[in-house]
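Remarks on the structure that follows.
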Amino acid sequence: MLTKLEIIVPLVLIVLITLPLIKVFMGKTTKQSAKNRLYTHISLFFGLILLVFIWQVVGINVFAAEGTEETIQGFAGSIAQGLGFIGAALTTGMSALGAGVAVAAAAPAAIGAFSENEKNFGKSLIFVALGEGVAIYGLLISILIINKL
C-alpha cells in the first residue's frame, strides 16, 4: 500500500519541474524568457536526479518497498543486465529521434509535391513511411535485446 508521502512527493516534484514551462507552452513569453525558463527546467530535472542519487548513496532509501532485504535483493541484477536495459532504452530513444527528424524533413516536402501534382502522392508517402520505419526497427531491436536479458 502506498503512503501519503509516496503519493504527494512525486506529484509535487512533477509540478515543480513543469511549472517553469507553462507560460512557454501558452505562448506568453519572449524568446529570452523562454530560454531562461527552459534552462530552469533542465536544471530542476538534473537537480532532482542528483538528489535521488545522493539519497541512494547516503542510504536514505525513500523509494524502497516495505519488506525485508531478501525481497529487495531478489530484484538485484548484474551489471550486464543493467547495461542491456540501458542499450535497449537508447536503441528505442535514438531510433525514435531519428525517425522524427526524417519525418520532419520528408512530410513538408511530400505535402509540397502533392500540392503541385496529385500524382506524386504515392511516391511522396513512401518517403514519409520510410522515416517512420526507422522507429519501428529500433523498437524491434530493443525488444530483441530485452528478450536476451
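Among the residues in region 80-89, are any assigned to a helix (DSSP H, G or I), at pLDDT below 85 and not charged (D, E, K, R)? Checked region 80-89: at least one residue is assigned to a helix (DSSP H, G or I), at pLDDT below 85 and not charged (D, E, K, R). All of Ala135, Ala102, Ala110 fail the test of being crowded, with 17+ Cβ neighbours inside 10 Å, touching a Leu at 6+ places or on another chain (Cβ under 7 Å) and in contact (Cβ under 8 Å) with a residue 12 or more places away in the chain, apart from Ala110.
The values are calculated or read from the model by the stated rules, or taken from the named source; none is laboratory data. If you're wondering where the values come from, they're calculated on a predicted model, not measured in any experiment. Here Cβ is always computed from backbone atoms with ideal geometry, including for glycine, and neighbour counts include all displayed protein chains.
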